[in-house]
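Read through the structure below, which is laid out as structure tokens, and then see the notes.
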There are 2 protein chains.
Amino acid sequence: MGEREPALVQSVDRAITILKLLARAEMGVTEIAAELGVHKSTASRLVYTLQARGLVEQHGERGRFSIGMGMLQFAGTVAGQLDIVQVGNPVCEELAERLGETVNVALLDATDTINVSQALGTSAVAAQNWIGQRTPSHATASGKVLLAFIPPGELDGLFVGDLASYTARTITDPQKLRDALKEVAEDGYATCFEELEPGLHSIAVPVFGPGQDVIAAISASGPAYRLSKKRIPEVVEELRQGARDLAGRMAYVSR
Amino acid sequence: MGEREPALVQSVDRAITILKLLARAEMGVTEIAAELGVHKSTASRLVYTLQARGLVEQHGERGRFSIGMGMLQFAGTVAGQLDIVQVGNPVCEELAERLGETVNVALLDATDTINVSQALGTSAVAAQNWIGQRTPSHATASGKVLLAFIPPGELDGLFVGDLASYTARTITDPQKLRDALKEVAEDGYATCFEELEPGLHSIAVPVFGPGQDVIAAISASGPAYRLSKKRIPEVVEELRQGARDLAGRMAYVSR
DNA sequence: GCCTCCGTTGCATATAACGGAACAACTTGT
DNA sequence: ACAAGTTGTTCCGTTATATGCAACGGAGGC
């Protein structure tokens with residue numbers, strides 16, 4: 001409000017909403033229609049269009065719909081644009097093997113943190129897929145690292161009101177977050193113990209670019225009982241080595 | 001024709017076309033409009049809608065547009081659905097390191113072959129990104145492997161007329177393709193020497209599932225002068241080992 | 001066997017997407 | 001330095017087009 005937002009193209013906007021819904025879970029036409037608040041026939045046509053172009057697929061003849069393989073084409077393009085995705089993969093793999101936990105490389109996008117590379121831990125019980133996930137920066141280890149190292153001042157506008165809460169331990173007070181970030185900047189690493197999901201711990205360190213700037217964060221995450229506070233020194237050490245490795249490879253790649 | 005095709009939702013169809021265009025190269029609004037055959041204003045609105053939802057991004061304030069990081073979310077979903085993407089990554093990495101060439105895992109989708117996992121070779125000169133790429137099965141090593149091992153009869157409907165040609169060496173005669181596939185089935189590997197792109201060689205082997213069925217192909221590709229015919233035995237041996245490794249890991253994953 | 005639920009298809013209507021033109025912000029040329 | 005040529009965005013009237021309705025055809029369930 002105030003700012004005159006140009007109108008969105010309605011049907012395209014709805015189609016994208018459908019894609020976002022299907023990214024969460026596979027659904028049927030009726031269910032989609034209900035979620036969008038439109039008639040079945042409208043939803044049916046939109047889905048048909050998406051399907052005809054390979055962006056969604058239906059399982060079986062009269063089955064439910066899910067994201068299709070045609071989507072990989074776009075993912076590949078993004079990955080190609082971001083050298084760090086390519087370069088990050090082998091580094092993640094090696095770290096995941098050494099630590100036995102899931103390792104991710106993440107970038108900052110406004111107030112969200114996006115995971116762009118991932119390798120699953122060897123003891124991958126209930127392994128979750130984080131690739132492409134947008135996570136709230138104030139409730140993740142990677143996010144805190146990325147926020148802690150951005151140029152001062154850029155943080156000011158963001159994080160004003162109370163922050164979204166996910167568990168009892170989530171930092172919701174902007175001032176508390178600022179304090180935490182200062183500490184992260186001093187320590188050179190961040191932790192996130194059950195602040196996003198109960199039972200989920202993660203530890204992250206920054207990846208430095210050619211200058212002083214931080215270009216990404218690299219993190220390890222795992223169940224609370226395994227990735228305990230006692231392991232912080234060991235994990236941080238491994239992550240830092242991986243970060244240096246990644247930084248080196250990036251420097252090599254970027255002409 | 002004959003078959004009554006339900007009508008597509010026009011604006012959604014156009015939006016998807018825009019995405020496919022941007023997947024090839026970044027473009028400006030005017031250029032997009034010309035390509036679509038619509039007015040600038042129409043293209044502008046479509047792009048704005050895509051941008052508002054994070055599917056495209058613009059470089060700089062008045063810069064050109066490209067696929068946005070929001071796409072990664074969908075990629076993650078697809079990757080999560082297909083266990084083989086996750087599991088394939090480390091196998092690719094290891095093979096790429098041993099062979100020094102780019103290694104891919106690919107799946108069959110109708111007559112196309114889609115690359116789902118990739119690791120760049122160490123000597124990655126002019127490294128191309130194949131992830132998510134749809135390639136014609138009859139002109140790739142992975143594709144030939146996948147076609148050679150599908151249940152007999154399923155092939156009949158497809159590949160009837162003359163096949164699309166990409167170089168002078170592309171197999172365009174359906175009968176010749178059938179002969180070649182039979183040979184692939186006997187040898188247990190396929191090659192593709194400059195049949196898709198001049199100067200591009202690739203070698204592929206099948207990845208077997210729990211039964212006799214082939215669930216994927218794994219391939220190495222590189223410049224003709226480096227990935228020569230003489231290296232076939234060595235490369236095939238390495239690939240087969242990787243394929244066994246991958247099959248083993250898949251068996252472990254799929255409950 | 002009937003009944004319910006789901007997805008698709010004509011059809012008429014009204015909305016919303018479109019093209020035209022004018023505008024504003026940059027870049028290029030001379 | 002100014003003009004001429006871009007490029008992308010916005011306003012507005014019109015008509016194409018996306019939509020909702022209702023009826024249809026299949027699948028499964030009781």
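The values are calculated or read from the model by the stated rules, or taken from the named source; none is laboratory data. Owing to the predicted nature of the structure, the values given are computational and were not obtained by experimental measurement. No Cβ is skipped: glycine too gets one built from the backbone with ideal geometry, and neighbour counts run over all protein chains shown. Quick note on the areas: whole protein, heavy atoms, side chains included, nothing else; ligands and nucleic acids left out. Shrake-Rupley method; radii C 1.70, N 1.55, O 1.52, S 1.80 Å.
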If I model a spin label as a point 7 Å beyond the Cα along the Cα-Cβ vector, how far apart are those points for B:D187 and A:E186 in nm?
6.6
When every protein chain stays in place and a 1.4 Å probe is rolled, A:M71, B:M250 sorted by accessible area with the largest first are B:M250, A:M71
How tilted is helix B:232-253 with respect to the longest principal axis of chain B? Cα atoms for both, answer in degrees (0 to 90, nearest 10).
70
Given the -39500 (n - 2.57) contribution per DSSP H run of 4+ residues, what per-residue ellipticity at 222 nm results for chain A, rounded to the nearest 500 deg cm²/dmol?
-13500 deg cm²/dmol
How far is it, in nm, from the label point at B:S165 to the one at B:D83 when both lie 7 Å from their Cα along the line to the Cβ?
4.5
Taking the label point 7 Å from Cα in the Cβ direction, how far apart in nm is B:S41 from each other copy of itself, listed shortest first?
2.9
Note the distances from A:A52 to each other copy's matching label point, with points 7 Å along the Cα-to-beta-carbon direction, in nm, sorted shortest first.
2.4
Using Cα-only point scatterers and the Debye equation, what is log10 of I(q)/I(0) for the protein assembly as shown at each q in 0.07 Å⁻¹, rounded to two decimals?
-0.41
Can you give me the angle between helix A:71-81 and the longest principal axis of chain A, using Cα atoms only, in degrees from 0 to 90, rounded to the nearest 10?
40
Please work out the FRET efficiency for the pair A:Y225 and B:E197, using the Cβ-Cβ distance as r and a Förster radius of 56 Å; give the result to the nearest 0.05.
0.65
For the rotation that brings chain B onto chain A, whose beta-carbon in chain B is nearest the axis, and what is that distance in whole angstrom?
B:A75, 2
Quick check: at a probe of 1.4 Å, how many percent of the accessible area of chain A sits on carbon and sulfur atoms?
51
Quick one: which residues, 5+ away or cross-chain, put their amide H under 5 Å from the amide H of A:D109? H built at 1.01 Å from N.
A:I114
At A:I232, label 7 Å along Cα→Cβ: distances to the other copies, nm, ascending?
5.9
Exposed-site-free run, longest, chain B (rule: GluC sites (Glu not before Pro); DSSP loop; at most 13 other C-beta within 10 Å)
B:62-255
Between 0 and 90°, nearest 10: helix A:10-24 axis offset from chain A longest Cα axis
60
Amide H of B:F149 versus every other amide H placed in the peptide plane: which residues, excluding those fewer than 5 positions away on the same chain, fall under 5 Å?
none
Under the Karplus curve 6.51 cos²θ - 1.76 cosθ + 1.60, θ = phi - 60°, whole-Hz ³J(HN,Hα) for segment B:90-99, x wherever Gly or Pro sits
x, 5, 4, 4, 5, 5, 4, 5, 5, 8
HN-Hα J in Hz across segment A:170-184 - Karplus 6.51, -1.76, 1.60, θ = phi - 60°, x for Gly and Pro
4, 6, 10, 8, x, 5, 4, 5, 4, 4, 4, 5, 4, 5, 4
For B:M69, what charge total do you get from the other residues with a beta carbon under 10 Å from its beta carbon, if Lys and Arg give +1 and Asp and Glu give -1?
-2
Integer Hz, Karplus 6.51/-1.76/1.60 couplings in order for segment A:225-231, x for Gly and Pro:
5, 9, 8, 8, 4, 4, 7
B:M27 long-range amide H proximity, modeled H, under 5 Å
B:F65
Spherically averaged projected area in nm², based on the convex hull that wraps the Cα atoms of chain B:
16.5
